[in-house]
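The block underneath contains the structure these notes are about, expressed in structure tokens.
The values are calculated or read from the model by the stated rules, or taken from the named source; none is laboratory data. Small disclaimer: the values here were computed from a predicted structure and weren't measured. Don't worry about glycine lacking a Cβ; one is built from the backbone with ideal geometry, like all the others, and counts go over all protein chains shown.
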Amino acid sequence: MKAEQISIFLENRAGRLEEVTRVLAEAGISIRALSLADTSDFGILRLIVSDHEKAKKALKEHGFTVGRNAVVAVEVSDAPGGLHAVLHLLCGNGINVEYMYAFVHQREKSAVIIFRFDRTDQAIELLQKHKIPIIPGDTLYNI
Amino acid sequence: MIFDMDIETLPREDLEALQLKRLQRLCDRVYANVAFYRKAFDEAGIKPGDIQSLKDLHLLPFTEKQDLRNHYPFGLFAVPKDNVVRIHASSGTTGKASVAGYTQRDIANWATMMARSLMAAGASRRDIIHVAYGYGLFTGGLGAHYGAERLGATTIPVSGGGTRRQAMLLRDFGATVLCCTPSYALVLYEAAQEAGIDFKDLPLRLGVFGAEPWTDGMRREIESKMGIKAIDIYGLSEVMGPGVGIECVEAQNGAHLQEDHFLFEIIDPNTKEVLPPGETGELVITTLTKEAQPLIRYRTRDITRLDYTPCKCGRTTARMFRVQGRSDDMLIIRGVNVFPSQIESILLETEGCSPYYQLVVKREGNLDTLDIKVEVDEKLFSDEIKKLQILGNKIQKTIKDFLGVTAQVKLVEPRSIERSEGKAKRILDLRNA
């Protein structure tokens, strides 16, 4: 039930982000979701893409440092309290969120939250036990 | 294997007798033929005949790098110009280049010392030696080349540059030994990886690396990445070129010095007093057999120590430990002496750090600042900000603990630090820029 996310190290220099999107565009890769974390010196760009193998290869060929991480995509209802219910469950079971980002599903009336957990397997187990829908990687890449 | 069994295993007593005889002849030669030395001897109140034992060496005047520059280009030659068959020169990035001249016998002696060195490193006439040191005024290329031929090995004079092509030649010619600077070895390795060539699939088994300071951490990195043995070679163009000292493959613990051709001393760089064996200080070299441009007590500025205890390889010559820094390009940051090699050691011992780094020294107001740029490779990278910040803080703390200076660690993208085909640009001192 895990999904693959790629992460890219970026120096805070003009044009670096544009270089990433150019490489992905030229390789014919779609971006499904993204988040950019930044400090004064560098940033980390995290992406869910249509083809992570191909994206990683293309970026590496252009000299970027690229990592791959397992994340979990959770579907929550697009209504007040939707996210809270999920976080409440995780918190109560001692699972920490390293970071997360969200986007709204166009076709369904729901939001998708991408989670990076400290204990991914336990989180998946817990979510499944409580019937919280997880979007499998293969579905997510083609969303 | 030992190339010159008789000389390299000479009992110390016999070696010292040979050194004294050669030193006395050297003093006669320079006093008679080099105006600079005649004047320096006279000013010190010394006559060549006063040198009765090796212990009298300290009576002789020093030669500084500046003396070479002052007599640019040929003012220190001890033979008529017709007897000089080759000229080399250092890069001369600061001021004039320092020039070295060689007679036919100097070239032959150098080739022999280099052949001894290659054999001590584990090479033999059966090897194919890829020489990627620059050929030209720099002594690296031709020095290694003549030694490899003297050894009887198949010599490939590739010189520096054209890195991608070099990686292919390395594969196609099946070289077993690589001679270059340690930083270029890594550049070559990267280029090979990009071209789909894995060093571990090649017959390459040995690297003879020198011409710039490196650390044991970098050695381990090279050895594990490339699957070869990495041997340190020492030399400097002022006294000859590569081959002044070489690690033996048996011990890989200190470079055996060519004591039949050179005399080595360790001095305190401040007081200029000779230090007892085993102490750390500046290496001083006297060329015993050099004909074209002999030097008396040349101050190398290299900080190291010597070990006279017997080595398991059977050689009786003294061993010189890794150059810890230079008494001149030592950085003084807020009053603290910092050798770039110390910082390199810390970086390499920190989990996952790549050997690509650069020290940037600036002055903000009246305060010196030190930035350390470290390239983030895949081993080091994390998708979590805090893990990268913890790494930076850890490096910063270790440097503070060991060296007493506060440095800002800046993580940068791979390949963003300037690569050179030859020497790595490790220091950027912008204080007087």
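In the stretch B:86-181, which strands (runs of 3 or more DSSP E) lie fully inside it and hold 2 or more residues that are in contact with a Lys or Arg (Cβ under 8 Å, 6 or more places away or on another chain)?
Ranges flagged: B:99-103.
I'd like to check something: does the stretch A:83-95 contain any residue that is of a type in the set (Val, Ile, Thr), in the same structural domain as residue A:127 (by TED's automatic domain parsing), touching a residue at least 40 places away in the same chain (Cβ under 8 Å) and under 25 Å from residue A:119 (Cβ atoms)?
Yes, there is a match, as at least one residue in the stretch A:83-95 is of a type in the set (Val, Ile, Thr), in the same structural domain as residue A:127 (by TED's automatic domain parsing), touching a residue at least 40 places away in the same chain (Cβ under 8 Å) and under 25 Å from residue A:119 (Cβ atoms).
Of all residues in the stretch B:289-338, which are more than 23 Å from residue B:14 (Cα to Cα) and among the aromatic types (Phe, Trp, Tyr)?
B:298, B:321
Residues in the stretch B:266-301 that are closer than 21 Å to residue B:212 by Cβ and in contact (Cβ under 8 Å) with a residue 60 or more places away in the chain: how many?
5
How many of the residues in the stretch B:359-406 are within 14 Å of chain A (Cβ to nearest Cβ) and either assigned to a helix (DSSP H, G or I) or out of contact with any Pro (no Cβ under 8 Å at 6 or more places or on another chain) (or both)?
Counting residues in the stretch B:359-406 that are within 14 Å of chain A (Cβ to nearest Cβ) and either assigned to a helix (DSSP H, G or I) or out of contact with any Pro (no Cβ under 8 Å at 6 or more places or on another chain) (or both) gives 23.
It is to be established whether one or more residues within the stretch B:36-47 are hydrophobic (A, V, I, L, M, F, W, C) and part of a loop (DSSP other than H, G, I, E, B).
Within the stretch B:36-47 (the criterion being hydrophobic (A, V, I, L, M, F, W, C) and part of a loop (DSSP other than H, G, I, E, B)), the answer is yes, since at least one residue qualifies.
Exactly one of these conditions fails for residue B:93: (1) polar (S, T, N, Q); (2) at pLDDT below 95; (3) closer than 17 Å to residue B:286 by Cα. Give me its number.
(3)
Report whether or not residue B:413 is crowded, with 17+ Cβ neighbours inside 10 Å and either within 20 Å of residue B:345 (Cα to Cα) or within 12 Å of chain A (Cβ to nearest Cβ) (or both).
When the stated conditions are applied, residue B:413 passes them.
Kindly establish whether residue B:54 is at pLDDT 95 or above, loosely packed, with under 15 Cβ neighbours inside 10 Å and touching a Leu at 6+ places or on another chain (Cβ under 6 Å).
So residue B:54 passes the test.
Looking at this structure, is residue A:54 within 29 Å of residue A:123 (Cα to Cα) and of a type in the set (Lys, Arg)?
In short, yes.
Scan the stretch B:232-248 and tell me whether some residue there is in the same structural domain as residue B:312 (by TED's automatic domain parsing), under 23 Å from residue B:156 (Cβ atoms), touching a Lys or Arg at 6+ places or on another chain (Cβ under 6 Å) and assigned to a strand (DSSP E or B).
no
Pull up the stretch A:1-29, narrow it to residues that are of a type in the set (Lys, Arg) and assigned to a helix (DSSP H, G or I), then point me to the one that is surrounded by the fewest Cβ atoms within 10 Å (Cβ to Cβ).
Looking at the filtered set, the residue picked out is A:22.
Among the listed residues B:167, B:211, B:255, which satisfies the condition of being crowded, with 22+ Cβ neighbours inside 10 Å and more than 30 Å from residue B:100 (Cα to Cα)?
After applying the criteria, what remains is B:167.
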